Each structure stands twice: as structure tokens, then as C-alpha cells.
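Asker: Questions regarding the structure given below will be posed in turn.
Only the coordinates and a few stated rules stand behind these numbers; no lab work does. Quantities reported herein were computed from a predicted structural model and do not represent experimental measurements. Using ideal geometry, Cβ is built from the backbone for each residue, glycine included, and neighbour counts are taken over all protein chains shown.
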Amino acid sequence: MTNNSTSSDRLAPPIGGFQEIDGRRVFVHRSGSGGPTVVFLPGASAVGLDYFRVQQRVSQFTTAVVYDRGGTGYSDPLPLPRTATAVATELHELLCAQNLAAPYVLVAHSLGGAYAHRFAQLYPQDVAGLVWLDAFHRDWDDFMPPAAGLAATERMAPDVEQLDQMRPALREMHTELLADYPEHLRQPLIEAKMSDEWIHVGIAERSALTELATELRAGPNIPDVPVVALTVVGIDPAQQAPTSERTVQEMIDDGKTRMDAALVSAVSHGEQRLLSDTFHHRLCFDRPDAVVQAIRDVVDRAARP
């Protein structure tokens, strides 16, 4: 593993370092000790350090790892979007290179759910448990109204020009979300999030949701391991802007709730927990207690014979 120095044209992470995978640098930061190792899989437009506060709490009882998949965050650039297979294979190589013993507890937020599911398909024996943080599901279109399907979601995603107009609001949001971060992490992370590069990456990763779902549907279900799904049922005012109130209500009350319920019912030790006091992108910032408890419960259940 290399240190956190980087070339002048690349953003340097304020903490952590790099692991070389296939000649590329992948950002990784680990803390704590013991097992099973807990691995955070970020959502689109998110990076590993968005989960830093939760990671620090989890590291008090086991090893906790945050990272940026290739092409995102502080990791070296790659053409996006990527297949779930490419991302899952990269993560497996990273964990092996870091000498972190399997099996792992995967904590997947939003789009990270696609990559966690693919990892579990490819390496079922290396998965001790799953924590689903309002995460992507391959059967999304089976549960959601057509206006909120994956193809519609891709079409409604803001483009570069729209995001450019949103920059002041985005900076204000990131400043508020990261307010309790240590200063040496907070300010560099805010500036990186406002960079053209990171904003474009978020757009690119959201551009192939239907392909990701198709890829996952060709493989098996998740293995029979402990699963806790945190389903966010709070309605984000920003979400209502491009979507009718009825569609949003159908997505949450009927779609998302039933979708995660089906996920946990497919395993022997699955549990769904509904959260009404936060929004999708704010989950780990508003409710770190609920996220940490879900992780601890999965870790404990995974340790039982």
C-alpha cells in the first residue's frame, strides 16, 4: 500500500492511502481490529469518507474499511459506468491485497447495493452478512410505479448544466452534513465534492441503472446470511420536485418498503427497520446510531454458529 501522496493533478486524500490494483491506485482507509471486517460500499456521488463517522464507531468493535471504487473519489480515474462484475472483482482484490480475511460484512448504501449483490453472487463464501442502507435492488422495476422505474430515474437525473446551477445549494448541503468532521478532513472533502471531476463522476455512475439490474438478475439471489435492511421512508422535499406526490408516496409506502421486505424474507435471519426521520442521502449523517446498531447486530449474528 502506498501513502496518501499523489500527483499534482490529482486530489490528495486527507487521510488513508492507496492500494495498487491492476496498475491503478484505489483509495482505502481502514481502522479498528478483529473480525469480521466491515466494508462500506458508497452510493453514487458519495465516497468512502462520507462514512467516516460511522466507520470510527464501528472500529471500536471490529475492523472497518472505507474505500473509493475505481473511477470515483480519490481513486484513479476509469471510464464510467462500470459493470457490477468489474466493481465487485476490484473490491475482492483490494480486500485480499490488504490481507483482510474473509468472510466480510458488506454495508451497502444506495447504488452500492448493486455492487454488494454482485460481490455476494461471485464470492458467496466470502460474505458473512449484509447491511442494506436504502440500497439499490435488482428487482426495483418490479416494485416501483413506472414513473419511478430505473429508466425513468436515469432520464430524470440532473445533467452537468443543472448541477452547475445547483452548486451553491450543494456546497451548503455538504458543509452542513460534514459540520462535525475534523477540520483536516472536512474542508478538503467539501472542496473535492465541489470539483468538476467528482460532480461528473456522480452523473456517469447513474447512467446505467437498467444494465446493472439486468446483470444482477442473471445471477443468483444473495446467500443465506444475516441481513438487516434500513428502509428510509422519510420524504425528501427535493425528491418531490421532479416527481408527483402520488408517485413518491407509492415509491416509499408500497415500493421501497415491500422491496426491502422481500429482500430480508429471502434469508433465514433477515430484518427490516423503517426510518422516517431522515432522507436517502442523509441516512449515515442523521442516523449513525441506527446504522451502527444494524452493523453490530449483523456482526453479532454472523459470529453465531
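Asker: Hey, what do the phi angles of the range 100-106 turn into as Karplus ³J(HN,Hα) couplings, whole Hz, using 6.51/-1.76/1.60 and θ = phi - 60°, x for Gly and Pro?
Answerer: 9, 6, 6, x, 10, 9, 9
Asker: For the chain, what proportion of DSSP beta bridges, expressed in % and rounded to the nearest 5, is antiparallel?
Answerer: 30
Asker: For a label point 7 angstrom out from the Cα of Thr83 toward its Cβ, which stretches of the range 175-212 have the backbone nitrogen within less than 19 Å?
Answerer: Hits in the range 175-212 for Thr83 at 19 Å: 205-212.
Asker: For the range 34-39, just list the computed ³J(HN,Hα) in residue order, Karplus coefficients 6.51, -1.76 and 1.60, θ = phi - 60°, integers in Hz, with x standing in for Gly and Pro.
Answerer: So the J values, rounded to whole Hz, are x, x, x, 5, 9, 10.
Asker: How high is the FRET efficiency between Glu191 and Glu20 when r is their beta carbon distance and R₀ equals 25 Å, given to the nearest 0.05?
Answerer: According to the calculation, E is roughly 0.45.
Asker: How would Trp198, Trp132, Trp140 line up from fewest to most surrounding beta-carbon atoms within 10 angstrom?
Answerer: Fewest-to-most Cβ neighbours within 10 Å comes out as Trp198, Trp140, Trp132.
Asker: For Thr278, Thr72, what ranking results if the residue with the fewest other Cβ atoms within 10 Å of its Cβ goes first?
Answerer: Final ranking by Cβ density, sparse to dense: Thr278, Thr72.
Asker: State the dimensionless ratio Rg/Rh of the range 17-303 (Rg: radius of gyration of Cα atoms; Rh: Kirkwood radius).
Answerer: Rg divided by Rh gives 0.93.
Asker: Tell me, Cys96, Cys284 in order of fewest to most beta-carbon neighbours within 10 Å?
Answerer: Cys96, Cys284
Asker: Just to be sure I understand: with springs between alpha-carbon atoms less than 10 Å apart, which residue in His137, His184, His200 has the highest mean-square fluctuation in the Gaussian network model of the chain?
Answerer: Maximum fluctuation in the GNM of the chain, among the listed residues, is at His184.
Asker: Quick check for you: which residues of the range 61-82 have the amide N under 20 Å from the point 7 Å beyond the Cα of Ser33 toward its beta carbon?
Answerer: The answer is 61-66, whose backbone nitrogens lie closer than 20 Å to the label point.
Asker: At what distance in nm do the modelled label points of Ala261 and Ala218 sit from each other, each positioned 7 Å from its Cα along Cα→Cβ?
Answerer: 3.2
Asker: Additional query: Which ³J(HN,Hα) values in Hz, rounded to whole numbers, follow from the phi angles of the range 277-286 under the Karplus curve 6.51 cos²θ - 1.76 cosθ + 1.60, where θ = phi - 60° and Gly and Pro get x?
Answerer: 10, 8, 10, 3, 7, 9, 3, 6, 8, 7
Asker: Determine which residues of the range 264-291 fall in the zone a paramagnetic label at Gln98 would reach in this model, i.e. backbone nitrogen under 20 Å from the point 7 Å along Cα→Cβ.
Answerer: From the range 264-291, the list is 284-285, 291.
Asker: Counting only residues 5 or more places away or on other chains, whose amide H sits under 5 Å from the amide H of Gln272 once H atoms are built in the peptide plane?
Answerer: Those lying under 5 Å, H to H, from Gln272 are Ala229.
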